[in-house]
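*Asks:* Dropping a structure here in structure tokens format, bear with me for questions.
The values are calculated or read from the model by the stated rules, or taken from the named source; none is laboratory data. Just so it is clear, the model here is predicted, and its values are computed rather than measured. Cβ sites come from the backbone with ideal geometry, for glycine too, and all protein chains shown count toward neighbours.
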Amino acid sequence: MNQSAPVPARTQVAIIGAGPAGLLLGHLLHRKGVDTVVLENRDRAYVERRQRAGILEQGTVDVLRATGAAAGMDARGLRHDGIELRFEGESHRIDFPALTGRSVMVYAQTEVVKDLIALRLAADAPLAFEAEALDISGIEGESPQITYKHCGVEHTLTAEYVVACDGFHGVGRRVMPEAGKRTFERVYPFSWLGVLADVAPSCDELIYAHSPEGFALHSMRSPKVSRLYLQVPPDTDLAEWSDDRIWNSLARRFAIDGDWKLETGPITEKGITPMRSFVTEPMRHGQLFLAGDAAHIVPPTGAKGLNLAAADVTLLAAALVRRYTSGDTSDLDTYSTRALRRIWRAEHFSYAMTSMLHTSPTDDAFDHRLQISQLRHLTESKSAATSLAENYTGLPLPTLTLLT
């Protein structure tokens, strides 16, 4: 099925953006009988193929399972019980279940999005692709309106609440009043060169490598497809990075004292990812709410982007269900404050992982010694390793009682 129900002119909750945040919110609310419309600027093929995150926290896994959205993940996802830290030719494993009783799941964001789109279409719930949200008006009243263009024609969608899950450049954050809005940002002096390769992973769990040449990460998308990243300058030209240069650089950065070998194969995709941290406060004004990348961005080192989006909308969905079942708006009123507590914890964790593992153009020998000291502390101190494992596997999500 490739066609949703027709888009009505009025709904209870209008959602802008069919990424994981918007689709998961729509799924959670639809299950509880709340009317929703999801508008997405891009076409379906683009949405389903854009490469993003690949690590699901325990809480995200729990939400998908508890709400009937985990069939694909449980069939094709890869449970991981730890990560490997490499530095100074050594390899050290952080055991998540031993430290926290929790784990993570390797399951690409593209697959999560495909699964949620299929569920929404099967439920005959309104989902419009190539529907560009142009403006949001009336957010301080009881009936905000979205003006959007679909198939070359402008339409108006009236709702009781609007949730912008439309990313950093979306209309949602743009229409938030400047008065009272605060933004916080840090841009890092490096980027990631990421590749997809048709080769079986050279590891059972993710490898985070610190080296004098720069950071490297070995991840995977399936037992036959590897996902790898290496730190590069922000102005890197992909044309200067041949496949051989990429594999050779990765091999040097992952090298340890032992017989481990990086397996190589055909590279099918390359891309550059800038590194930045960003938060907008508050995440609500009137009847407009922000969620996911519309409100915050984290460097991918901590594997938090998709999971923060899932946490935002789980929190918001529970608040909206409470409002529609009992009339109680107290959870909606505190949504921004509660969401931001988790967001800033994830921002700090992502910043700490990024700072510890990457080399900066301004670093000197003192900075290098500090990084190695921190890495050794993580591998020698159970309390330090536990803190890393708690943050990596994810803080507990609010109760799912209202959503199941």
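*Asks:* When the range 8-67 is examined, which residues are found to be among the basic types (Lys, Arg) and within 13 Å of the chain's Cα centre (by Cα)?
*Replies:* Matches in the range 8-67: 50, 52.
*Asks:* For the range 326-379, give me the residue count where each residue is assigned to a helix (DSSP H, G or I), of a type in the set (Ser, Thr, Tyr) and surrounded by 14 or more Cβ atoms within 10 Å (Cβ to Cβ).
*Replies:* 7
*Asks:* Conditions: (1) buried (at least 19 other Cβ atoms within 10 Å of the Cβ); (2) touching a helix residue (DSSP H, G or I) at 6+ places or on another chain (Cβ under 7 Å). Residue 168 meets all but one. Number of the miss?
*Replies:* Among (1) buried (at least 19 other Cβ atoms within 10 Å of the Cβ); (2) touching a helix residue (DSSP H, G or I) at 6+ places or on another chain (Cβ under 7 Å), the lone unmet condition for residue 168 is (1).
*Asks:* Within the range 47-57, count every residue that is modelled with pLDDT of 95 or more and either among the charged types (D, E, K, R) or assigned to a helix (DSSP H, G or I) (or both).
*Replies:* Count: 1.
*Asks:* Working only within the range 173-182, note down all residues that are surrounded by fewer than 12 Cβ atoms within 10 Å (Cβ to Cβ) and closer than 16 Å to residue 291 by Cα.
*Replies:* Residue satisfying the conditions is 182 alone.
*Asks:* Could you check how many residues of the range 112-139 are over 13 Å from residue 37 (Cβ atoms), in contact with a Leu (Cβ under 9 Å, 6 or more places away or on another chain) and either of a type outside the set (D, E, K, R) or assigned to a loop (DSSP other than H, G, I, E, B) (or both)?
*Replies:* The number of residues fulfilling the criteria is 8.
*Asks:* While we're looking at this one, here's another question. Whether any residue in the range 272-295 is at positive phi and touching a Ser or Thr at 6+ places or on another chain (Cβ under 8 Å) is what I want to check.
*Replies:* No, there is no match, as no residue in the range 272-295 is at positive phi and touching a Ser or Thr at 6+ places or on another chain (Cβ under 8 Å).
*Asks:* What's the number of the only condition in (1) within 28 Å of residue 95 (Cβ to Cβ); (2) touching a strand residue (DSSP E or B) at 6+ places or on another chain (Cβ under 7 Å) that residue 191 fails to meet?
*Replies:* Just one mismatch for residue 191, condition (1).
*Asks:* Related question: Here is a list of conditions, (1) within 30 Å of residue 270 (Cα to Cα); (2) in contact with a Leu (Cβ under 7 Å, 6 or more places away or on another chain), and residue 103 meets all of them except one; can you say which number that is?
*Replies:* All conditions are met except number (2).
*Asks:* Please verify whether residue 183 is under 22 Å from the mean Cα position of the chain (by Cα) and at pLDDT below 95, treating the condition exactly as stated.
*Replies:* The answer is no for residue 183.
*Asks:* Take the range 91-108 and flag every residue that is under 26 Å from residue 20 (Cα atoms) and in contact with a strand residue (DSSP E or B) (Cβ under 9 Å, 6 or more places away or on another chain).
*Replies:* If the condition is that a residue be under 26 Å from residue 20 (Cα atoms) and in contact with a strand residue (DSSP E or B) (Cβ under 9 Å, 6 or more places away or on another chain), then 96, 103, 104, 105, 106, 107, 108 are the ones that fit.
*Asks:* Residues 201, 212, 223: which one is of a type outside the set (Val, Ile, Thr), out of contact with any Phe, Trp or Tyr (no Cβ under 7 Å at 6 or more places or on another chain) and surrounded by 22 or more Cβ atoms within 10 Å (Cβ to Cβ)?
*Replies:* 201
*Asks:* Give all pairs with beta carbons closer than 9 Å in which a residue from the range 133-157 that is free of Cβ contacts under 8 Å to residues at least 40 places away in the same chain and surrounded by 16 or more Cβ atoms within 10 Å (Cβ to Cβ) meets a residue that is in a strand (DSSP E or B) and small (Gly, Ala, Ser); count only pairs at least 6 apart in sequence or on separate chains.
*Replies:* Sorted first by the residue in the range 133-157, then by its partner, the pairs are 145/14; 145/137.
*Asks:* What are the residues in the range 77-107 that are touching a residue at least 40 places away in the same chain (Cβ under 8 Å), out of contact with any helix residue (DSSP H, G or I) (no Cβ under 7 Å at 6 or more places or on another chain) and surrounded by fewer than 21 Cβ atoms within 10 Å (Cβ to Cβ), if any?
*Replies:* 78, 80, 84, 89, 90, 91, 93, 95
*Asks:* State whether one or more residues within the range 294-303 are at pLDDT 95 or above, among the small types (Gly, Ala, Ser) and over 21 Å from the mean Cα position of the chain (by Cα).
*Replies:* So far as the range 294-303 goes, no, none of its residues is at pLDDT 95 or above, among the small types (Gly, Ala, Ser) and over 21 Å from the mean Cα position of the chain (by Cα).
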